[in-house]
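Asker: Below is one structure. I have some questions about it.
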Amino acid sequence: MTDILRTISPVRIAFGGAAVSGEFGGYGFGDISESSATHLLEYAHERGVRIFDTAPVYGFSSSEKRIGKAFKHKRDKVFIVSKCGVSWHSSKRINMTNDPKVCRSMLEQSLKDLQSDYIDLYMIHWPDKNVDIRFTMEVLARAKNEQKIKHIGLCNTNSDDLVKAQEVEKIEVIQSEFNLFNRSVKDELFSEIKKSKMSFMSWGTFDKGILTGRAVKDRKYDESDCRGWAPWWKKSNLDEKFEKYKKLKPLLGRYGLSGVQLALAHNLSHDEVSVAICGTGSMEQLDQVINAMENPPGEGVIKEAVKIIEDE
């Protein structure tokens, strides 16, 4: 098996589609107009980004719709990633299930919202202990045979689900949270990823802004920014993470680095990481990420940072 993502993108960055979900609710990070979102997506493509990661729950389908609109006339020039398994009720209450019928319905809706006949990479978003993943995989395998999906992946998976899924169809890409604060996937899946030459996408590269210094303790967020209201955000050891970032700041100052440079270099220093998903809400932020990628700190600095965090 080949690391397909390395062959697709000239840069090791994927665009995080939740950043363009705007004020529509769900998993999103603040207001952004449709015109600004379109310009940002087009600018990302101009800067060499080819992989655009999205999901229906990002802005309750608005992220998919905006990505579809931005690239409908250059569909073959981008690689679009979307997912099934996190849907919602009419009340906007989130429903997480890998029920095969739900996933088939979500795939068909995503194709419409993306204005595309196919999705380059389609992933099962989260594990579901109530559904044998092999039944869901059968749906995706059929869709792949129908050429509605080009590649299949698993997001936030575990070793048991990975083994079962591959009984049905080849898994080519794994996506999971990976950053300076959360390195658990390194022990859990990196050896299998390397052995099988699968692609790996890291999400949470900047831990939703904490590792860039933009998400701080007393910051006020837009109503459409999930960091202002989501229970999972408030329960994610924020005070501990803010304190850890505070302890990293002297190291950043000593080497003249930004948090963006350190966080991105940490992820990309691992050969198993094909691309790091980066959510950027403006052209300026995107430029910072690309400049950071082009000017990484050395391996010794990254080791110092890890030691600071792990010594806590």
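The values are calculated or read from the model by the stated rules, or taken from the named source; none is laboratory data. Quick caveat, the model's predicted, so the values are computed rather than measured. Reconstructed Cβ throughout: ideal geometry from the backbone, glycine too, with neighbour counts over all protein chains shown. The accessibility values were calculated without ligands, DNA or RNA, using every heavy atom of the protein model including side chains. Shrake-Rupley method; radii C 1.70, N 1.55, O 1.52, S 1.80 Å.
Asker: Take Ser176 and decide whether it is open to solvent by less than 20 Å² (accessible area, probe 1.4 Å), among the small types (Gly, Ala, Ser) and not in a helix (DSSP H, G or I). Quick ask: steps written out before the conclusion?
Answerer: On the way: open to solvent by less than 20 Å² (accessible area, probe 1.4 Å): yes; among the small types (Gly, Ala, Ser): yes; not in a helix (DSSP H, G or I): yes.
For Ser176, the condition - open to solvent by less than 20 Å² (accessible area, probe 1.4 Å), among the small types (Gly, Ala, Ser) and not in a helix (DSSP H, G or I) - is met.
Asker: Out of (1) free of Cβ contacts under 8 Å to residues at least 40 places away in the same chain; (2) in a loop (DSSP other than H, G, I, E, B); (3) open to solvent by 10 Å² or more (accessible area, probe 1.4 Å); (4) farther than 28 Å from Ile302 by Cβ, what's the single condition that is false for Ile171?
Answerer: Just one mismatch for Ile171, condition (3).
Asker: Further, regarding this structure: Within the stretch 187-204, can you find the residues that are open to solvent by 50 Å² or more (accessible area, probe 1.4 Å) and not small (Gly, Ala, Ser)? Reasoning before the result, please.
Answerer: Going residue by residue through the stretch 187-204, those that are open to solvent by 50 Å² or more (accessible area, probe 1.4 Å) are 187-188, 191-192, 194-195, 197.
Residues satisfying the conditions are Asp187, Glu188, Glu192, Lys194, Lys195, Lys197.
Asker: So which residues in the stretch 164-188 are within 15 Å of Met1 (Cβ to Cβ) and out of contact with any Phe, Trp or Tyr (no Cβ under 8 Å at 6 or more places or on another chain)? Break it down stepwise before answering.
Answerer: Initial filter on the stretch 164-188 (within 15 Å of Met1 (Cβ to Cβ)): 165-166, 169-174.
Within the stretch 164-188, Ala165, Gln166, Glu169, Lys170, Ile171, Glu172 meet the criteria.
Asker: For Ser82, are the conditions met, namely being in contact with an Asp or Glu (Cβ under 8 Å, 6 or more places away or on another chain) and open to solvent by less than 10 Å² (accessible area, probe 1.4 Å)? Break it down stepwise before answering.
Answerer: Values: in contact with an Asp or Glu (Cβ under 8 Å, 6 or more places away or on another chain): yes; open to solvent by less than 10 Å² (accessible area, probe 1.4 Å): yes.
So Ser82 fits the description; yes.
Asker: Consider Phe29 against the criteria (1) open to solvent by 20 Å² or more (accessible area, probe 1.4 Å); (2) under 30 Å from Val168 (Cα atoms): it satisfies all of them except one. Which criterion is unmet?
Answerer: Of (1) open to solvent by 20 Å² or more (accessible area, probe 1.4 Å); (2) under 30 Å from Val168 (Cα atoms), only one is false for Phe29: (2).
Conditions (1) assigned to a loop (DSSP other than H, G, I, E, B); (2) open to solvent by less than 60 Å² (accessible area, probe 1.4 Å), marked per residue:
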| residue | (1), (2) |
| --- | --- |
| Cys103 | no, yes |
| Met106 | no, yes |
| Gln109 | no, no |
| Leu121 | no, yes |
| Trp126 | yes, no |
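Asker: If we keep just the residues of the stretch 85-99 that are without any contact (Cβ under 8 Å) to a residue 12 or more places away in the chain and open to solvent by 60 Å² or more (accessible area, probe 1.4 Å), which is nearest to Ile149 (Cα to Cα)? Don't jump to the end; show me each part of the working.
Answerer: Step one: list which residues in the stretch 85-99 are without any contact (Cβ under 8 Å) to a residue 12 or more places away in the chain, which gives 89-91, 93, 95.
Cutting the leftovers down to open to solvent by 60 Å² or more (accessible area, probe 1.4 Å) gives us 89-91, 93.
Working: His89: 25, Ser90: 27, Ser91: 30, Arg93: 28 Å.
Only one residue fits best here, namely His89.
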